[in-house]
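Okay, so here's the structure we're looking at.
Read-outs throughout are calculated quantities, based only on the coordinates presented, and are distinct from any laboratory measurement. Nothing here was measured: the structure is a model prediction, and the numbers come from that model. Note that we place each Cβ from the backbone using ideal geometry, even for glycine, and neighbour counts take in every protein chain shown.
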Amino acid sequence: MAGIVGYGAFIPRHRIRSEEIARQWGKDAAAIRRGLVLEEKSVPGLDEDTITISVEAARDAIERSGIDPLRIGAVYIGSESHPYAVKPSGTVLIDALGIGPEVHVADFEFACKAGTEAMFVALCLVESGRVEYALGIGADTSQGAPNDALEFSASAGGAAYIFGAKDLLVDVLETYSYTSDTPDFWRREGRFYPRHGGRFTGEPAYFKHVLSATRGILKKTGMDPQDFKYAVFHMPNGKFPQQAAKQLGFTKEQIETGLVVVKMGNTYSGSSPTGLAAVLDVADPGDKILLTSFGSGAGSDSFVLQATDLLPERRVTGRKVWSMLDTPVRYVTYGEYAKLREKIILND
Amino acid sequence: MPSPRYWRAIPSRLRLEAVRCRSCENVVYPSRRICPHCHGTEWDPAELSRTGEVVTSTIVHIAPDDFAMEAPYVLALIETPEGARLMLQVTDCDPEDIGPGTAVNLEFRRIRAEGNSGILCYGFKAVPAG
């Protein structure tokens, strides 16, 4: 059986409160908090991008795994904000972490589920016996247009997972994917900001795929929601995952540990992987965990996971997700946010 | 920085690869041919911790073009537990809070971009610990 042998997460320290964004555009902050269930979001510094977030998350994953980085045979980074249009993010990462050069590297993109896409492929390569260890990462410095609902959620962060076949911290018991052509959110080549279909991103997109994938994996495994200690659903805002959980029969207690969106925002490809990292930070041996991602366009990947006896001792090192969310943070004004996100046009 | 020059510095910039003098055992970063402490010429590889302490620092108000958006920022001489000293930018901080003795962690960051269409240069910066 293959599973997770190391994991790590990284969240930038800058934050902007929902009230600050609402104030800028004359919107009702209380309505935003109530409607989207978002208190604040992470903001990348000028010197942070998908590559730097991936390296920091993967460094903790390698440390927790205790393996020699040279034994990692595949590296996949899922993101919709790769810094280069042409040049892989993964090549910088492998040289920074001492992986390779005997390694297969690729960058993935599938809106917000590129991270679990990378994790799925990494897992399958280990299961097939093609590589001994494989690294799958979801990370983003998400884009959201000014005065768009996305601006309240689009944030920065990510998580990294090393898959292997022995000394597992987490068993992967089953996977299931559900995909269809659904144009709910997109960004055309060369465009700076994504577009979306407003309410169309809900029922026919997020809920259809998240519910179908979760029901599919429950049926495949013969498990019920009450069999799980924790569940993590993709978090475009704080409202959708709570509604999806309720419709599927999961309780508030099962999802609250991984519901990082309220403080972190939506880190797109890094969203559900970071939620999973928050769960692994506290899960006890034997706990079962459900993970269902969602990526616009659209599709969902579901995983059924189970923590092993090794998890508590290995997670002692490395940064914890909720520790990064709670302290230390640096709050920025909308003006500083616009500068950090390079929304201001400057002369050459 | 031209791409080949950046590429040649990848071991030291991206992995913080340092060297330990076989003669006096001082750790030197980046690697060099002659030990600045004992003039020894034989070295072993040394790995640096991702932590350190500020030895001295200054605040840059008038920055080079590629760093103009980050001004004012701190440049500091950082000493790692191995005794190596690195000149690094200190980020995610209020510049006035940084001074001798400030404990820092070293994090992987984008150092600069070669204009709007050139390569992106990565390396390490210091961030206040805690």
Q) Straight-line reach from A:LYS27: which aspartates and glutamates have a Cα under 14 Å away, not including same-chain ones fewer than 8 places off? A) A:GLU19, A:ASP148, A:GLU151
Q: Be a star and scan the stretch A:276-301 for residues whose amide nitrogen sits under 19 Å from the point 7 Å along the Cα-to-Cβ vector of A:ASP181.
A: A:295-300
Q: Starting with the fewest neighbours, write out A:LYS320, A:LYS229 ranked by other beta-carbon atoms found within 10 Å of each beta-carbon.
A: A:LYS320, A:LYS229
Q: For B:TRP43, enumerate residues with amide H under 5 Å from its amide H, sequence gap 5+ or separate chain, H modeled in the peptide plane.
A: B:ARG22
Q: Within the stretch A:122-191, list the trypsin sites (Lys or Arg not before Pro) lying in a DSSP loop whose Cβ has at most 11 other Cβ atoms in a 10 Å radius.
A: A:LYS166, A:ARG188, A:ARG191
Q: Would you mind checking the pairs A:LYS113/A:LYS208; A:LYS208/A:LYS246; A:LYS252/A:LYS288; A:LYS208/A:LYS239; A:LYS220/A:LYS288; A:LYS113/A:LYS320 and listing those with alpha carbons more than 18 angstrom apart?
A: A:LYS113/A:LYS320
Q: List A:ASP326, A:ASP60, B:ASP66 from most exposed to least, where exposure is judged by having the fewest other Cβ atoms within 10 Å.
A: A:ASP326, B:ASP66, A:ASP60
**Q.** Förster radius 45 Å - calculated FRET efficiency between B:HIS39 and A:ARG130 (Cβ-Cβ, nearest 0.05)
**A.** 0.35
Q: Report the FRET efficiency, 1/(1 + (r/R0)^6), for B:GLU79 and A:PHE207, where r is their Cβ-Cβ distance and R0 is 56 Å, rounded to 0.05.
A: 0.55
Q | Residue-count net charge about B:VAL104 - beta-carbon cut-off 12 Å; Lys, Arg +1, Asp, Glu -1 | A | -3
Q) Which parts of the stretch A:250-287 would a label at A:GLU174 reach, counting a residue when its backbone N lies under 15 Å from a point 7 Å out along Cα-to-Cβ? A) none
Q: Calculate the spin-label point distance for B:ASP66 paired with A:GLU342, positioning each point 7 Å from the Cα along the beta-carbon direction, and give it in nanometres.
A: 1.4 nm
Q) Taking every pair of alpha-carbon atoms in the protein assembly as shown, what share in percent sits in each 20 Å bin, from 0 to the bin with the longest distance? A) 25, 57, 18, 1
Q) What FRET efficiency do you get for B:SER117 and B:SER23 if R0 is 41 Å and r is their Cβ-Cβ distance, rounded to the nearest 0.05? A) 0.30
Q: State the extension gain, in nm to one decimal, for the chain segment bounded by A:MET223 and A:MET1, taking 0.36 nm per residue of separation less the distance between their alpha-carbons.
A: 78.0 nm
Q | Cβ-isolated cysteines (cut-off 4.7 Å), the protein assembly as shown | A | A:CYS112, A:CYS124, B:CYS93, B:CYS121
Q: Only helices at least 18 Å long along their axis, Cα-based, and averaging -1.0 or more on Kyte-Doolittle count here, so list those DSSP H runs from chain A.
A: A:50-65, A:114-128, A:208-221
**Q.** Residues B:GLU107, A:GLU117, A:GLU313 arranged by fewest to most Cβ contacts within 10 Å
**A.** A:GLU313, B:GLU107, A:GLU117
